[in-house]
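One structure below.
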Amino acid sequence: MATAQRMVVIGGNAAGMSAASQARRLKGPGELEIIALERGGYTSYSACGIPYWAGGDVAAADDLIARTPEEHRERGIDLRLHTEVTELDPDGCRVRVRGGGDGDGGGGDDSGPGKWLGYDHLVIATGARPLRPGLPGIDAPGVHGVQTMDDGRSLLEALEETESARTGRRAVVVGAGYIGVEMAEALVRRGYRVTVLDRAEEPMTTLDPDMGRLVREAMVGMGIETVTEAAVTAVRTGEGGRVRAVATEDAEYEADLVVLGLGVRPETGLAREAGLPLGESGGLLTDLAMRVRGRENLWAGGDCVEVLDLVSGRDRHIALGTHANKHGQVIGTNIGGGYATFPGVVGTAVSKVCDLEIARTGLLESQARSAGLRFVTVTIESTSRAGYYPGAAPMHVKMLAEHRTGRLLGVQIVGREGAGKRVDVAAVALSASMTVEQMTSLDLGYAPPFSPLWDPVLVAARKATAAVRRAGAH
Ligand SMILES: Cc1cc2nc3c(=O)[nH]c(=O)nc-3n(C[C@H](O)[C@H](O)[C@H](O)COP(=O)(O)OP(=O)(O)OC[C@H]3O[C@@H](n4cnc5c(N)ncnc54)[C@H](O)[C@@H]3O)c2cc1C
């Protein structure tokens, strides 16, 4: 009887465990041995839920865990927690492993350089690492990241501690990207007076600045002090070395607690050392089957790879769980003997701060320009429901369309309830390479509680169609 092949997975979260689970669905243990190596203590958890856990919407850490280590093991995956891969040897088809305190200790001892573990297929799903600039005081007690379950736990403990300490607590969030604004909401809900600092012109640089301005104005209206063009220079500490304030070049902001939301970079140090192909952002480059380019039995997915942006035709690093899970599914299918590809993304994302929903898909003006595209832009203001229906709230939609062809290039939406997920219509239109004119006749649902007679996305498409026609005359 032929011996089973061995699949080794580095990273036990979204991409890695999706790959392992899918491969296991397709091949039993007699055909494929699956070993998953995770340096932390958790698997298959939703980092996306951490802001809602911190804010109190999600009651318990366990609610964020989709599948426990025991459940994975019951399904025939040899999952080894607290086990770190310290070196890749792609030519020798082996990885060096340290740790393995959990389970069968297959990783070797903690003190030495570790043991080699051979593979037939290797999946690199090492995720991304949060940016933590080397500023004075950045490691002081009271400064929190929000990348991992351990980060979430330590933040929760700090929130509960300070909750009983006194009122009038202040929090500073550094970084006004989607994680920063989601954390601002969480802290507001916990009763903090919140300041958000960002060095950019406007919050949410995943939007054009004119749409980011709407987010800033709404945040200020919610009582969140939002300071832009403010680069943090230091974290000031006080009694017991604890954080007391955050300094920028111009000012100091008092803080009992600081949360960092400065973005992430692909975790590809091992891949770089092993000479694997990396893109401009440092993410691994793969083919459409999620195989590392030029390597037959090496696969990579999730936050550690670059993805093809279908609108600009460029490789980009976009760290989102929705992609990571799909990558894992594709990798697991291919290793399991099936066939699947990940064609690329159109750049869709949605988030919110309190009741303000923020969404985008496709290209921003700056991205379209750097891709060499000529385009028109329109922005419309409409409402989430028929204007006469209770609860109708303003919604802004910005749309980019290519000059002459009228091809949709991007959409950004800022508005209240019901605004954000409207971006999905635009994402589908982008995936289908529709023109804005074709979009105007889309058969979208209408009833007064859900939208005005002309859905805001269609209103924007009509205006964009007219703008393309006008521009075409020149
Ligand atoms: C606060 C927050 C909110 C988010 N919200 C959203 C959202 O709303 N929507 C969305 O789509 N995405 C969201 N994301 C992003 C999403 O969580 C990530 O894109 C997703 O977790 C990526 O999955 P991954 O498996 O690629 O990487 P990760 O989840 O980072 O997992 C990688 C794993 O690899 C392990 N590892 C790394 N190196 C090694 C090594 N050498 N040896 C062993 N193990 C190793 C790490 O410990 C880690 O557990 C959010 C992220 C955060 C932090």
## Note on the structure
The answer for residue 248, listing residues at least 5 apart or on another chain whose modeled amide H is closer than 5 Å to its amide H, is 233, 253
### Query
For the peptides 388-397, 19-28, what is the packing order when you average, over each peptide's residues, the other Cβ atoms within 10 Å and list the highest mean first?
19-28, 388-397
### Task
May I ask you to list the lysines whose Cα is less than 19 Å away from that of residue 421, ignoring any residue fewer than eight positions away on the same chain?
352, 398
### Query
Carbon and sulfur: what percent of the chain's accessible surface (1.4 Å probe)?
49
### Summary
Applied in sequence order to segment 241-251, the curve 6.51 cos²θ - 1.76 cosθ + 1.60 (Karplus, θ = phi - 60°) yields integer Hz couplings, x standing for Gly and Pro, of x, 6, 4, 10, 6, 10, 9, 10, 4, 9, 7
### Message
As an exercise, identify the GluC sites (Glu not before Pro) in segment 151-236 lying in DSSP coil whose Cβ has no more than 13 other Cβ atoms within 10 Å.
### Response
201, 229
### Message
No solvent, one uniform scatterer per C-alpha: report log10 I(q)/I(0) for the chain via the Debye equation at q = 0.06, 0.08, 0.09, 0.14 1/Å, two decimals.
### Response
-0.30, -0.54, -0.68, -1.36
### Message
With a 1.4 Å probe and all protein chains left in place, how much accessible area per residue does the chain have, in Å²?
### Response
43
### Query
Which percentage, to the nearest 5, of the DSSP beta bridges contained in the chain is antiparallel?
65
### Task
May I ask you to list the aspartates and glutamates whose Cα is less than 16 Å away from that of residue 463, ignoring any residue fewer than eight positions away on the same chain?
381, 402, 437, 455
### Message
Checking the cross-link filter: which lysines have an alpha carbon closer than 28 Å to that of residue 115, excluding same-chain neighbours under 8 positions apart?
### Response
27
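The values are calculated or read from the model by the stated rules, or taken from the named source; none is laboratory data. For clarity, every value in this text was computed on a predicted model and none was experimentally measured. Counting neighbours? That spans all protein chains shown, and the Cβs are built from the backbone with ideal geometry, glycine included. Note: accessible area is taken over every heavy atom of the protein model, side chains too, but ligands, DNA and RNA are not part of it. Shrake-Rupley method; radii C 1.70, N 1.55, O 1.52, S 1.80 Å.
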